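I have placed the structure first, in the form of structure tokens, so that the comments after it can refer back to it.
The values are calculated or read from the model by the stated rules, or taken from the named source; none is laboratory data. If you're wondering where the values come from, they're calculated on a predicted model, not measured in any experiment. Here the Cβ positions follow ideal geometry from the backbone for every residue, glycine too, while neighbour counts run over all protein chains shown. These accessible areas exclude ligands, DNA and RNA; they are computed on the full protein's heavy atoms, side chains included. Shrake-Rupley method; radii C 1.70, N 1.55, O 1.52, S 1.80 Å.
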Amino acid sequence: MNATGESGSVIHQMADEIKVLMVEDDPEDAHLIRTYLEKSRSSYYWGRLELFWVTRLDEALSELAQGEFQLILLDLNLPDGEGIANIEMVRQHAHQAALIVLTGFDEEPVALDAMRHGAQDFLIKGEINERNLYRVFFQGIERHRLVTRLNEQLAQHGQALKELARSEELFRLITETIREVFWISSPDGQEMHYCSQRYEETWGRPVSELLQLPMTWMECVVEQDRPAVEKAMSNLAGGGYDVEYRIRRPDGEVSWIRDRGFPSRSETGEVERIVGLAEDITDIKRSQEEVLKSRHFFHDVLDSLTAPIGVLDRHGKLEAVNRAWNRLRLYSPLVGSHIEVGCHYLETCRQSFEKNPDSLIGVALEKVLRSIEGVLDGSQEGDLIQYGLGAPPADAWFQLKITRASSGRVILAHEAITDQKRAEIELRRSLVEKDALLREVHHRVKNNLQIIASLLFLQSKHIQHPETIQTLLESQNRIRSMAMIHEMLYRATSFSQIDFCQYVRQLVGVLVHLYHRERIPIEVPHSLVNLTVEKAVPCGLVVNELVTNALKHAFPDGRQGRILVRLEEFETSYRIEVEDEGIGIREDILEQDIQSLGLKLVDVLVKQLHGTWEFVPAEGTFVRIEFPK
């Protein structure tokens, strides 16, 4: 029935104050339930709702000792207790309260067992929404109110039938608002005192027939289930019963029923009548079947994976493993034969580590366990760790991927990476060898260039013609500029790029010394320009030519001034600028100089870089070169 219907008004009249005790150690689940309860309260007119939240069983027992609650939401797995024992402890302190258990995705069998031990219903974490929370909440509160009201009426007046007649309207209003079939029978079940109209919807047979022939309901029970029903009914007058069975309706449809009977006793302790609730749980059973199919599918997928995979619950217990995990047990202390499903994973691994502290290679076991703990408590989302097994440098390598699922579970996936690791080790060894070889190559190229420069120097000593000597000197400088690049590569940590700013500073220092121009300062502002070898060699020769020209011709007769070399990097290009404060170059002389070997060499080298160069108007000489990356 919807929130604006009859049931809503009944609740509003009868629910001035509802006290609920929630026993849940997961703050996220507790917050979700609180939110849905508040939404349901405003939607369904519950009146005042007091929600008490505790995280431990001993705290819950303390709250129950101090006051009465209409409904209890109980997590089966708590830090200080778990399973059926939790229900029994709570029931000792709360006889009348409706008890709803909270279960995990894989705990439906435990939940059903809990219902046989006194729980009224259960909720599956991860599937809780406002609708199903309202359903179990409403039913639980109504059951509590119904049993309380009936017990009060029976205690006050003694005879249930007369009292039911006096309060027939109220009684019918209560019983017809709940989903279950409500019935009252004699202790031996041979006389049916009352049955709600819900029976006709569930069994498909008239209530009048049941009142006249109380055992006709048994005719609908599927034959295979009758022995279990008869066995349960044999305990009717004792402690009651809780049984599930199937019925076949007159239209042929098969439904699942959960039937519970509770003895009502007189002041002397004798059983006077049996009060019962029969609920259609067909949808629940179908959901359980779907969950079971999903679980089987999940395990089939898990087993089809070649990587060893284990799943930890949010308390750190090993919940599930696949076949590949079992195959790895002979080798790894992280999945060893001593680690079984159900054990506390971290504690078991630590015990194994104490016996064999050198069991892993490349990483300490304690670091692995700390990472798992961090993912478990939510301080980190996951981790990726490589470790080796066997004698150093390891016979086998694995990569452990630690992942936190939305449910709070932690997934441990071990991937074999032995071939990858060996290839990596071989690649590193090969890179070391190639590194040494490249260094040797650059060293020898540098030596050969220096030898050539030295030969040119020796040759110049035997030449008297000044212009020829000058030509040989300039050739020496060009060779030295190339040799310096190979010298830097020989000493660098990377062969792919050169710090061109550092290179230019060394180059101009050599040129100043060769031409005895120490009085002329050369400034090279710092810049982070790194060039490949292919670009560094021609750029170095260009700078060599332009700075050489400035040193030779820009400052005649002791003229003062400076030379500025700027290096800049842009998004898609580089720029080199060489500027001096010398006498400059006249237009007629510039055309002659462009035909010289030095500037021809600059033109060829700039074209090799796919760039452009120009003389920029200035007081001295200003050359700008730009080329793409």
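Of all residues in segment 578-603, which are modelled with pLDDT of 90 or more and of a type in the set (A, V, I, L, M)? Hit for segment 578-603 is VAL578, nothing else.
Just so you know, in segment 208-217 the residues that are free of Cβ contacts under 8 Å to residues at least 12 places away in the same chain and within 17 Å of ILE247 (Cα to Cα) include one that is most open to solvent (accessible area, probe 1.4 Å), and it is GLU209. Quick one: how many residues across segment 604-617 are in contact with a helix residue (DSSP H, G or I) (Cβ under 8 Å, 6 or more places away or on another chain) and open to solvent by 50 Å² or more (accessible area, probe 1.4 Å)? Qualifying residue count, segment 604-617: 4. Annotation: of all residues in segment 518-577 being among the basic types (Lys, Arg) and over 52 Å from the mean Cα position of the chain (by Cα), the one that is modelled with the highest pLDDT is ARG562.
Being assigned to a strand (DSSP E or B), in contact (Cβ under 8 Å) with a residue 60 or more places away in the chain, open to solvent by less than 20 Å² (accessible area, probe 1.4 Å) and farther than 25 Å from MET115 by Cβ is a property that does not hold for GLY276. Among the numbered conditions (1) within 45 Å of the chain's Cα centre (by Cα); (2) within 20 Å of PRO538 (Cβ to Cβ); (3) modelled with pLDDT of 70 or more, the only one that PHE495 does not meet is (3). Examine segment 209-231 for a residue that is out of contact with any Leu (no Cβ under 8 Å at 6 or more places or on another chain) and within 30 Å of ARG409 (Cα to Cα), and state whether such a residue exists. No, that holds for no residue. Among residues of segment 381-406 that are open to solvent by 60 Å² or more (accessible area, probe 1.4 Å), those with a beta-carbon under 7 Å from a residue that is modelled with pLDDT of 75 or more and among the basic types (Lys, Arg) at least six positions away or on a different chain give the pairs GLU381/ARG404; LEU384/LYS401.
THR282 fulfils the conditions (1) touching a Phe, Trp or Tyr at 6+ places or on another chain (Cβ under 8 Å); (2) among the polar types (S, T, N, Q); (3) surrounded by 18 or more Cβ atoms within 10 Å (Cβ to Cβ) except for a single criterion, (3). Modelled with pLDDT of 85 or more, among the aromatic types (Phe, Trp, Tyr) and touching a Ser or Thr at 6+ places or on another chain (Cβ under 8 Å), is that true of PHE627? So PHE627 passes the test. Every condition in (1) under 21 Å from HIS95 (Cα atoms); (2) modelled with pLDDT of 80 or more holds for GLY204 except the one numbered (1).
Scanning segment 514-549 for residues that are touching a residue at least 40 places away in the same chain (Cβ under 8 Å) and assigned to a strand (DSSP E or B) yields a total of 3.
Quick check, is LEU400 in contact with a His (Cβ under 6 Å, 6 or more places away or on another chain), modelled with pLDDT of 80 or more and within 30 Å of ASP383 (Cβ to Cβ)? Criteria met by LEU400. Selection of segment 190-207 for residues being in contact with a strand residue (DSSP E or B) (Cβ under 7 Å, 6 or more places away or on another chain) and either part of a loop (DSSP other than H, G, I, E, B) or open to solvent by 50 Å² or more (accessible area, probe 1.4 Å) (or both) yields GLU191, HIS193, SER196, ARG198.
How about segment 508-536: which of its residues are of a type in the set (A, V, I, L, M, F, W, C), surrounded by 12 or more Cβ atoms within 10 Å (Cβ to Cβ) and in contact with a strand residue (DSSP E or B) (Cβ under 9 Å, 6 or more places away or on another chain)? VAL508, LEU511, VAL512, ILE520, ILE522, VAL524, VAL529, LEU531, VAL533, ALA536, listed by residue number. Residue-level check: of (1) at pLDDT 85 or above; (2) closer than 30 Å to GLU28 by Cα, ILE274 misses just (2). Selection of segment 407-422 for residues being part of a helix (DSSP H, G or I) and open to solvent by 60 Å² or more (accessible area, probe 1.4 Å) yields ASP419, GLN420, ARG422.
So, in segment 239-260, how many residues would count as being over 22 Å from GLN197 (Cα atoms) and open to solvent by less than 20 Å² (accessible area, probe 1.4 Å)? Summing the residues that are over 22 Å from GLN197 (Cα atoms) and open to solvent by less than 20 Å² (accessible area, probe 1.4 Å) in segment 239-260 gives 1.
Can you find even one residue in segment 576-586 that is open to solvent by 30 Å² or more (accessible area, probe 1.4 Å), in contact with a helix residue (DSSP H, G or I) (Cβ under 6 Å, 6 or more places away or on another chain) and within 27 Å of THR471 (Cβ to Cβ)? No - not one qualifying residue is present in segment 576-586.
Restricting attention to segment 604-624, the residues that are touching a Ser or Thr at 6+ places or on another chain (Cβ under 9 Å) and in a strand (DSSP E or B) total 2. Taken over segment 220-238, residues that are at pLDDT below 90, open to solvent by 70 Å² or more (accessible area, probe 1.4 Å) and either out of contact with any Phe, Trp or Tyr (no Cβ under 9 Å at 6 or more places or on another chain) or over 20 Å from VAL271 (Cα atoms) (or both) amount to 1.
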